[in-house]
Each structure stands twice: as C-alpha cells, then as structure tokens.
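The values are calculated or read from the model by the stated rules, or taken from the named source; none is laboratory data. This one's a predicted model, so the numbers in the text were calculated from it and none came from an experiment. Cβ atoms come from the backbone with ideal geometry, glycine included; neighbour counts cover every protein chain shown. Side chains are part of the model used for accessible areas, which takes the heavy atoms of the whole protein and leaves out ligands, DNA and RNA. Shrake-Rupley method; radii C 1.70, N 1.55, O 1.52, S 1.80 Å.
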Amino acid sequence: MGGVTGFLLRRLASTALVVAGVVVTVFLLIHLIPGDPVDVMLGETASAADRGALRTALGLDRPLPEQLGHYLRGLAHLDLGRSLYDHRPIAAVLAERIPATAELAGAGLVVTLVIAFPLGLLAAARAGGGWDRGAMTFSLLGVSIPNFWMGPMLILVFSLWLGWLPVSGRSGPASVVLPALTLGTALAAILSRMLRSSVLEVLGEDYIRTARAKGLSTRQILVRHALPNALLPVITVLGLQLGTLLAGAVITETVFSWPGVGLLTIESIQHRDYPVVQACVLLISLTYVLVNTLTDIVYGLVDPRIRRGRPR
Amino acid sequence: MRGGLPALVLVLWVLAALAGPWLPLHPDAIHLEHILAPPWVAGGLGCDDLGRPLLDRLVLGARTSLLVSVGVVGLSALLGTLVGALSGWFGGWWDRLTVHLIDVFLAFPGILLAIALAGILGPGIDNVVIALTIVGWVGYARLARAQVLSLRSREHVLAAVALGAGHARILRWHILPLIGAPLIVEATFGVASVIVGEAGLSFLGLGVQPPAASWGSMIRDGTRYLLVAPHMVIVPGTAMALVVLAVNLLGDRLRDRLDVRQGPARARAAGRRRAKPADPV
C-alpha cells in the first residue's frame, strides 16, 4: 500500500505550502495599512518618542525580510508578541478566548447535524413531495438570511418577547443556545441541500435497484445502503463548513457579545490593536486549514478512488 | 417565492437604487417627535433612533448594496477570469503559482479575510469594495482555470491552434464564449454573497460611515433598540433577505436555463474545495 503513504505525503506537502502562504499573507497584512501604521495606531497627536518606541517594538524599523524572520521565530515559540492595547502577551489573550469559541463551534455543529440530517434524508426520500419542497425552502431561506439578522431576530423572539433565554454574554448553558442556533441553521441549510442531492444521486445507482428488487424497505435502503455512500461528499462539505462556522463565529460572537476569538478580532480592530488582529486571523485560518487537511486525509483513506487519482 | 415575485423584488431593488438621487428623499432629516416611532405612528416604515425615516434610509441602503455588488462582482469576475483563463491556457510555472495563490486565499474561511482587510484598510465604502474584491476574485479564477483546462484539447481549439491563431484570438473567440455561462451563474450567486458581505462589514462598523446608510449598518443601529423599536431591525433585514433570496432564485433558474453542468462530478469537485452556493455570514 505505497499509495497510502504517497497520498499522505502529497497531502501534507501541499498543506505545508498553504500554511506557509497563510503565515506570510497574515504577516504582510500590517503592511497594508495605508500610510504609516504607527500613525494609524497612535493617532496624529502622538509624540515622536512614542512613535519611535512603537516602531521599535513592532520591529517596523527593520528591513522586511528581517521582520519576517523575527515573526517566524516568534511563531515557532508560540510567542505572538504583546497586545498594544493592554500589553499582555497575545498568546495568553488568545488562550483565554479559545474555549468560548470552541464551545460555540461545537454547539453550532450539533445544531447543524440535528437539523440537516433528518431534513436532507426526508427531502431525498420524498423527492418532489411536500417534505422536499419544505426542506428546500428552508434551505434557501437559511442561505439567504445572514447571521447578523438571524441573531437579532432570535434575540427578539426568544429573549425579549418570550423571555426564555438570555440576550447575550456567556453565562451558563442557556446562553449558548441562541448563538448556536444562529450559526447552526445557516450551515444546516447548505448541508441538508448537499445531503439531499448526494443521497438522490446514490439512489439512482444499480445496487439500490437491486436492493429494492430484493424487497427491502425504503428505510433500510436509505439508512443501510444509500447513506454510507452518500456520506462521503457530505463529510467533505462538513469539514469545509467548520471553517464557515469559525468565520461566521466572528459575526455571531459580535451579535451575542460571546467572548471568543471572533469577538476579540472585532474588538482589536476597534482598538487598532493590529498584532492581535493578525494573531486572531492566523489562528482561525490555520484551524480551518488543519480541519480541511484532516477531512481530506480521512476522505482519502476511506475512499481509494480519491487517493489514487486526485487531479492537481 | 415562485413566478414573477423574485423578478419584481429585483426590479424594485435596482429601480430604488438607481432612482434614489431623483426621489424626494430625506434620509438625514431628523424628526425629534418621531424618535424610534413604529410605522403606525410615524407613517412609512417608521423612524430610527434619531427620528430619521426608515423608508428613505432603506432606499439609500439599496443604492449602497447595488453599487458595492456591481463593483465587486464586476472587478473580481474580470480579474479572476483573466488570471484563471491565462493560467489554465498557458500552464507551466505560472499556473502552479496561480494554483498555490488560489489555495492560500481559499485557506481563509468565508469573509474573515475581508473583515481583517476592511479593518486594516480602515472604514469606508471604497475599502469595502477592495476587501471584498481581494477575497472574491479567487472563485472566478478557479472556475475559469478549470473550464479552460477542460477546453484546451477540444477539437475546435486544436483546429484553431493548427490554423495558427494567436493566444489572444483563441482565448477570446474560441474559449471565452464557452466558459461564459458558468461564469455568469457564478457571478449571479456572487451578487448575493457580496450583498451579504457588504452588509456584514457595515454591521461590524467596517463599512459605510454615518450618515450614509447600508442595510447592515441599519441593522447594527437597530440592535441597540430591539426591545422598544424592533422595526429598526425587521425593516432592513427583511429588505436584504428578500433581495438575497431573489438573487439566489435567479441564480438557480439561470443555472437550469444555461444548462451549466451541475452533475455529480462538478458538485463533488465543488464540494471538495468550498461549499456552494454563497457562504453564509
């Protein structure tokens, strides 16, 4: 099975290239600030001494390759520098925020799966019928309603009118419900659509006709025969959606004042604390790359067709 | 929302956006007696926290979203198609570089990169267009490249090469007409995701600046008064959702009409790279 090793190596090599590209792009972000970044961060009225101090602290007085080298060395030691806003090490600030985002992403994923699987399967089983139309309408609505409107509407109904759940913040298990619903429904919309088309495609295969001819029930055919094969592309989409989940968390966390990495990103943009912005973007993107690589590898290990002939 | 309704929504949106400057609108007029007044008190669609009429601001927001989406989709489709088509046609190290670049851009999930760029470039509508274009061109580049790769060895292209046609001539007359349909479908869904992207950036305070109006910034203003003035969130959100829904339906219909291959092979390939259609924000 040299094919497996080769596949793994190829996949890891391309991931390493992408990671390198992401790191350099994030490093370059700070140089996109129009004019002098130091002016932008300190304002026009800062003294020359303060500017000089910040420039030295950020290393902006050194040549670009040297700055990149310094940045990479820091990354290798998980040293992301210090926040300009409260002067704490950025790694510590991030570590504080990660559990909240992980909790929200996990809860959002659960909501996604709980909605998408029954909906997608039902839609496929009753293709063309009322369930199908209902599920696809839901899916279209879910794709068209962005988080930053869904969130406030959920707050309006469930927190303000019905008084069932807290408006915002992170206090107790009840407070995760609305943010998770906001994140989950949007993703469920895409996933259920994907699952439906994937199952429908599999249902057209010969072996399904054989199963039908054997006299198996629709449920048996769906769950035992169609689903395992239909799941493969769905798993990939799920991996990709985890990234959407993380990016969507930036807006959802802002809506609900959920103290995660996403809210930290927005707060840091407002404070012009660009090193922290860089660190947040890097963390979220690298998580996304990692998840996608793992998904791809799992997919390749499960399905030999992908492993052998993956066109690049 | 079947039949003519999506078309009606889109026509209304475009008309409102284009006719805005000639309509008797007072989006910045402050009526102190109507602060936070709901529609049945203030008339129209109600007023916001400064007593400004929401209907007038909604029209202004339509203008913002139309301008941004036309600008971003136009720029990124042009740039992406150019880069992707050239890369697919010529191949070689240039192609490998482009593919790597596309992979790196796709490694930033959803609109995270746009948020970071808009945050770093500073607020303002032009920076929103820049940020969303930098994020948006990749999709068109990937699509154009894949299409050109599959067309490169078609007989009519080989014939053109054999007849001694130049690169530009082949790309323009023998390849572009064939990759137009999928690109148009992609651009239609692109409009939907740019509307949501612009509103999202404005919602975060990174888009249009007051007193200019965007549906996103209107929703942002409204979230502070959810209990006393829910119409401030409901009105712009409904408008935006209707337009996005209409654009998505139009995209679905175009895809069926233009018979863009959405068969299993393409769906699976698309799924491996990124979920389609538009990323939810």
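Worth pointing out:
- Residue-level analysis places A:Ile251 outside the set of residues that are of a type outside the set (Phe, Trp, Tyr) and open to solvent by 10 Å² or more (accessible area, probe 1.4 Å).
- Enumeration of residues in the range B:222-245 that are modelled with pLDDT of 90 or more, open to solvent by 10 Å² or more (accessible area, probe 1.4 Å) and facing chain A (nearest Cβ under 7 Å): B:Ala241, B:Leu245
- Residue within the range B:86-98 that is surrounded by fewer than 24 Cβ atoms within 10 Å (Cβ to Cβ), of a type in the set (S, T, N, Q) and closer than 30 Å to A:Val291 by Cα present: yes
- When the range B:158-172 is filtered for residues that are open to solvent by 50 Å² or more (accessible area, probe 1.4 Å) and in contact (Cβ under 8 Å) with a residue 12 or more places away in the chain, only B:His167 remains.
- Of all residues in the range A:12-29, those being facing chain B (nearest Cβ under 7 Å) and either open to solvent by less than 10 Å² (accessible area, probe 1.4 Å) or touching a residue at least 40 places away in the same chain (Cβ under 8 Å) (or both) number 3.
- Segments classed as helices (runs of 4 or more DSSP H), wholly inside the range A:229-312, with at least 1 members that are touching a Leu at 6+ places or on another chain (Cβ under 7 Å) and at the interface with chain B (Cβ under 9 Å from one of its Cβ atoms): A:261-271, A:274-302
- Qualifying residue in the range A:79-92 (condition: closer than 27 Å to A:Asp39 by Cβ, surrounded by 15 or more Cβ atoms within 10 Å (Cβ to Cβ) and touching a Ser or Thr at 6+ places or on another chain (Cβ under 6 Å)): yes
- Looking only at the range A:125-149, and only at residues there that are within 14 Å of chain B (Cβ to nearest Cβ) and over 12 Å from A:Ala189 (Cα atoms), the one that is most open to solvent (accessible area, probe 1.4 Å): A:Arg133
Yes/no per residue for (1) under 30 Å from A:Glu96 (Cβ atoms); (2) at pLDDT 85 or above; (3) in contact with a Ser or Thr (Cβ under 9 Å, 6 or more places away or on another chain):
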residue: A:Ile221; (1), (2), (3): no, no, no
residue: A:Arg224; (1), (2), (3): no, no, no
residue: A:Leu227; (1), (2), (3): no, no, no
residue: A:Leu242; (1), (2), (3): yes, no, yes
residue: A:Leu245; (1), (2), (3): yes, no, yes
residue: A:Trp258; (1), (2), (3): yes, yes, yes
residue: A:Gly262; (1), (2), (3): yes, yes, yes
residue: A:Ser268; (1), (2), (3): yes, yes, yes
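- Scanning the range A:123-137 for residues that are in a helix (DSSP H, G or I) and more than 23 Å from B:Leu245 (Cα to Cα) gives a single hit, A:Ala125.
- All positions within the range A:30-42 that are open to solvent by 20 Å² or more (accessible area, probe 1.4 Å) and free of Cβ contacts under 8 Å to residues at least 60 places away in the same chain: A:His31, A:Leu32, A:Pro34, A:Gly35, A:Asp36, A:Asp39, A:Leu42
- Of the residues A:Val18, A:Val93, A:Val26, A:Val22, the single one that is touching a His at 6+ places or on another chain (Cβ under 9 Å), of a type outside the set (D, E, K, R) and closer than 24 Å to A:Leu290 by Cα is A:Val18.
- B:Gly122 being touching a helix residue (DSSP H, G or I) at 6+ places or on another chain (Cβ under 9 Å) and on the phi > 0 side of the Ramachandran plot: yes
- B:Ile219 meets the conditions (1) over 19 Å from B:Pro38 (Cβ atoms); (2) crowded, with 23+ Cβ neighbours inside 10 Å; (3) modelled with pLDDT of 90 or more in every case but one. The failed one is (1).
- Residues within the range A:138-181 that are out of contact with any helix residue (DSSP H, G or I) (no Cβ under 7 Å at 6 or more places or on another chain) and in a loop (DSSP other than H, G, I, E, B), tallied: 4
- The residues in the range A:62-78 that are in contact with a helix residue (DSSP H, G or I) (Cβ under 9 Å, 6 or more places away or on another chain) and surrounded by 13 or more Cβ atoms within 10 Å (Cβ to Cβ) can be counted, and the count is 6.
- Considering the range A:30-56, and only residues there that are more than 12 Å from chain B (Cβ to nearest Cβ) and out of contact with any helix residue (DSSP H, G or I) (no Cβ under 9 Å at 6 or more places or on another chain), the residue that is farthest from A:Glu66 (Cα to Cα) turns out to be A:Thr45.
- Test set (1) surrounded by fewer than 24 Cβ atoms within 10 Å (Cβ to Cβ); (2) in a helix (DSSP H, G or I) - A:Arg193 fails condition number: (1)
- Within the range B:230-253, tally of residues that are of a type outside the set (Val, Ile, Thr) and out of contact with any helix residue (DSSP H, G or I) (no Cβ under 7 Å at 6 or more places or on another chain): 2
- On the stretch given as the range B:181-203, residues that are facing chain A (nearest Cβ under 10 Å) and crowded, with 24+ Cβ neighbours inside 10 Å total 10.
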